[in-house]
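Below: one structure, written as structure tokens.
The values are calculated or read from the model by the stated rules, or taken from the named source; none is laboratory data. Not measured: the values here are computed from a predicted model. We place every Cβ from the backbone using ideal geometry, glycine too, and count neighbours over all the protein chains shown.
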Amino acid sequence: RLLVIDFGSQVTQLIARRLRELNVYCEIHPFNKVDDAFLAAFQPKAVIFSGGPASVYTTGAPMPPKGVFDLGVPILGICYGQQVMMHCLGGHVEGGHGTAEFGRAFVTPTPDKLPLLDGWFAAGDEQVWMSHGDHVSKIAPGFQVYGTSPNAPFAITADPARHFYAVQFHPEVHHTPKGAKLYENFVRLAGFTGDWTMGAYREEAIAKIRAQVGSEKVVCGLSGGVDSSVAAVLIHEAIGDQLTCVFVDHGLLRLGEAEQVVSMFRDTYNIPLIHADESALFLGALEGVSDPEVKRKTIGRLFIQVFEKHAKSIGGAKFLAQGTLYPDVIESVSFSGGPSVTIKSHHNVGGLPEKMGMKLVEPLRELFKDEVRALGRELGLPASFIGRHPFPGPGLAIRCPGEITTEKLDILRRADAVYIDQIRKHGLYDEIWQAFAAILPMKTVGVMGDGRTYDYALALRAVTSVDGMTADYYPFTHGFLGETATRIINEVKGVNRVFYDCTSKPPGTIELE
Ligand code: XMP
């Protein structure tokens with residue numbers, strides 16, 4: 001396996017991403033957790049130093065353990081990683097003086113050939129992405145220059161005999177188009193065969209869970225979403241019935257969703273499951289509430305309360321399992337308040353482990369979303385389930401602006417089901433990041449048959465997005481929209497008007513509240 005030592009770059013996790021695309025298993029560890037004992041235990045086959053915001057010549061600058069250079073394994077230093085390598089091995093690094101470079105730059109090769117650069121420079125200079133204030137002013141003994149840019153005379157340096165490579169730019173970002181090739185060359189030089197698969201990950205993860213948990217009990221909060229489901233199935237495979245899942249049903253789920261979750265986990269996977277049907281509690285507390293923030297806070301507070309109650313009913317669980325993903329783990333290392341890795345919990349049970357005195361089991365911590373989906377497929381979860389659109393923790397509450405009533409929720413559920421059915425029938429589901437119906441807090445007049453109607457209006461929403469942070473509305477054809485509006489009004493009693501939301505994010509958000 002490969003070790004990435006993190007010096008705090010904003011893009012460190014992209015290094016892991018590039019390596020996994022090459023079927024190479026790696027782990028990222030912050031520099032302050034990596035000492036010689038760690039290296040001896042980890043036994044990396046190659047090491048990458050990430051970039052970072054510090055300057056090597058300031059006191060207390062983050063450093064790798066000295067022993068890393070004596071391991072006899074290939075090392076690749078990136079940006080700050082290059083500078084720290086030069087600094088440790090006898091070179092020199094300087095700050096500023098007009099040589100900072102941010103953004104696109106072009107690297108020109110020197111006449112010497114370097115296997116790390118196979119596939120580079122075939123058509124002249126290569127575009128790279130730079131982001132540095134300091135620069136190497138003298139390379140360390142044994143190193144040679146293989147590429148220069150206008151502001152980085154040592155853009156690519158290497159000591160090929162020791163397999164030490166150091167570049168000033170960031171090969172992991174898309175703005176360095178040949179960056180993936182550079183990583184491919186590096187792992188080939190390090191002797192990786194690219195045989196890491198999700199199957200291997202599954203075995204490793206199972207062994208780790210067993211080692212962590214021993215014979216203790218684990219409780220897992222199940223939302224019905226992909227992440228917590230994959231985590232639960234994986235943990236169950238590792239420790240069997242030491243795991244109990246708690247599925248808090250807040251009464252704000254989609255049509256048939258609670259039944260699906262319960263039947264999948266109980267019947268298909270035989271996982272002990274507490275189905276906490278607390279809809280009366282949640283809907284009671286939400287009665288008369290129309291402020292979006294009050295709704296969210298009410299749901300969040302009750303969720304924690306209810307989850308805690310049911311988790312306690314299992315008796316003596318020492319571990320809480322969560323489907324935390326890699327992007328949820330903030331890897332940037334803080335230099336001002338002392339180096340630490342902070343975890344941002346996206347899950348509704350955030351804060352609970354400390355409160356309940358539980359330890360966390362997070363078997364997906366090293367994976368990206370698409371890798372979790374791959375692991376889910378590996379575990380045999382149905383494809384239709386794995387490809388589902390994201391669904392927010394507060395559920396239909398934030399798709400029902402204004403006051404929530406059971407009548408409105410019922411209309412919304414049925415309309416949403418027709419809308420999604422339409423999208424699937426037209427083969428559009430996988431092109432869309434998220435699609436849903438929302439019920440608007442108003443009634444409008446219509447005419448059906450020979451009679452007057454006075455019913456609810458619906459908004460349909462569909463967006464494309466990469467990460468949910470920004471989004472475009474989906475450009476359905478007028479034919480599709482007309483057909484869908486007709487179907488909803490014909491099939492769902494209580495709706496007589498349908499709007500399509502053409503707002504992107506920003507300025508809108510994906511959900512209505
Ligand atoms: P917005 O509406 O903020 O949504 O543009 C961005 C993405 O996040 C989802 N979302 C949530 N997910 N708990 C969640 O687990 C929440 O409270 C929550 N609010 C929004 C939303 O569905 C979209 O995918």
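Tabulated data for the structure shown
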item	result
When residues of the stretch 370-390 are limited to those that are touching an Asp or Glu at 6+ places or on another chain (Cβ under 8 Å) and surrounded by fewer than 19 Cβ atoms within 10 Å (Cβ to Cβ), the one modelled with the lowest pLDDT	387
Residue within the stretch 418-432 that is within 16 Å of the ligand (Cβ to nearest atom) and within 27 Å of residue 288 (Cβ to Cβ) present	no
Strands (runs of 3 or more DSSP E) lying entirely in the stretch 7-109 (those with 2 or more residues that are within 27 Å of the chain's Cα centre (by Cα))	26-30, 46-49, 75-78, 101-109
Matching entry among 454, 474 (being modelled with pLDDT of 95 or more and touching a helix residue (DSSP H, G or I) at 6+ places or on another chain (Cβ under 8 Å))	474
Unique residue being part of a strand (DSSP E or B) and over 16 Å from residue 410 (Cβ atoms) when the list is 486, 444	444
Set 416, 455: member being part of a helix (DSSP H, G or I) and under 30 Å from residue 281 (Cβ atoms)	416
Residue within the stretch 228-237 that is surrounded by fewer than 19 Cβ atoms within 10 Å (Cβ to Cβ) and more than 16 Å from the ligand (Cβ to nearest atom) present	yes
Residue check for residue 453: more than 27 Å from the chain's Cα centre (by Cα), surrounded by fewer than 19 Cβ atoms within 10 Å (Cβ to Cβ) and away from the ligand (no atom under 16 Å from the Cβ)	yes
Flag for residue 509 being within 16 Å of the ligand (Cβ to nearest atom), part of a loop (DSSP other than H, G, I, E, B) and either under 21 Å from residue 256 (Cα atoms) or at pLDDT 95 or above (or both)	no
Positions within the stretch 12-61 being farther than 28 Å from residue 133 by Cα and among the hydrophobic types (A, V, I, L, M, F, W, C), in sequence order	22, 24, 26, 37, 38, 39, 40, 41, 42
Which listed residue is loosely packed, with under 15 Cβ neighbours inside 10 Å, outside the structural domain of residue 410 (by TED's automatic domain parsing) and of a type in the set (S, T, N, Q), from 477, 509, 486	509
Any pair with Cβ under 6 angstrom, 6 or more apart, that starts in the stretch 486-513 at a residue that is closer than 16 Å to residue 463 by Cβ and ends at one that is β-branched (Val, Ile, Thr) and within 16 Å of the ligand (Cβ to nearest atom)	505/470; 510/463; 511/398; 513/398
Options 499, 436; residue that is assigned to a strand (DSSP E or B) and within 12 Å of the ligand (Cβ to nearest atom)	436
Conditions (1) away from the ligand (no atom under 16 Å from the Cβ); (2) within 22 Å of residue 427 (Cβ to Cβ); (3) in contact (Cβ under 8 Å) with a residue 12 or more places away in the chain; (4) not in a loop (DSSP other than H, G, I, E, B); number of the one not met by residue 461	(1)
Top-ranked residue in the stretch 395-413 [being outside any helix (DSSP H, G or I) and surrounded by fewer than 21 Cβ atoms within 10 Å (Cβ to Cβ); ranked as nearest to the ligand (Cβ to nearest atom)]	401
All positions within the stretch 123-176 that are among the polar types (S, T, N, Q) and out of contact with any Lys or Arg (no Cβ under 7 Å at 6 or more places or on another chain)	131, 137, 144, 148, 149, 151, 157, 168, 176
Scope the stretch 273-303; condition closer than 25 Å to residue 315 by Cα, modelled with pLDDT under 95 and surrounded by fewer than 18 Cβ atoms within 10 Å (Cβ to Cβ); matching residues	300, 301
Among (1) of a type outside the set (A, V, I, L, M, F, W, C); (2) surrounded by fewer than 18 Cβ atoms within 10 Å (Cβ to Cβ); (3) more than 16 Å from the ligand (Cβ to nearest atom), the one test that residue 504 misses	(3)
Residue that is surrounded by the fewest Cβ atoms within 10 Å (Cβ to Cβ), among those in the stretch 155-175 that are of a type in the set (A, V, I, L, M, F, W, C) and touching a residue at least 24 places away in the same chain (Cβ under 8 Å)	173
Qualifying position, being β-branched (Val, Ile, Thr) and in the same structural domain as residue 8 (by TED's automatic domain parsing), among 219, 167	167
Whichever residue in the stretch 87-97 is surrounded by fewer than 13 Cβ atoms within 10 Å (Cβ to Cβ) and touching a residue at least 12 places away in the same chain (Cβ under 8 Å) and, among such residues, is farthest from residue 65 (Cα to Cα)	96
Scope the stretch 369-394; condition closer than 29 Å to residue 18 by Cβ and more than 16 Å from the ligand (Cβ to nearest atom); matching residues	371, 374, 375, 376, 377, 378, 379, 380, 381, 383, 385, 386
Matching option when the condition is of a type in the set (Gly, Ala, Ser) and within 30 Å of residue 442 (Cβ to Cβ), among 290, 313, 223	290
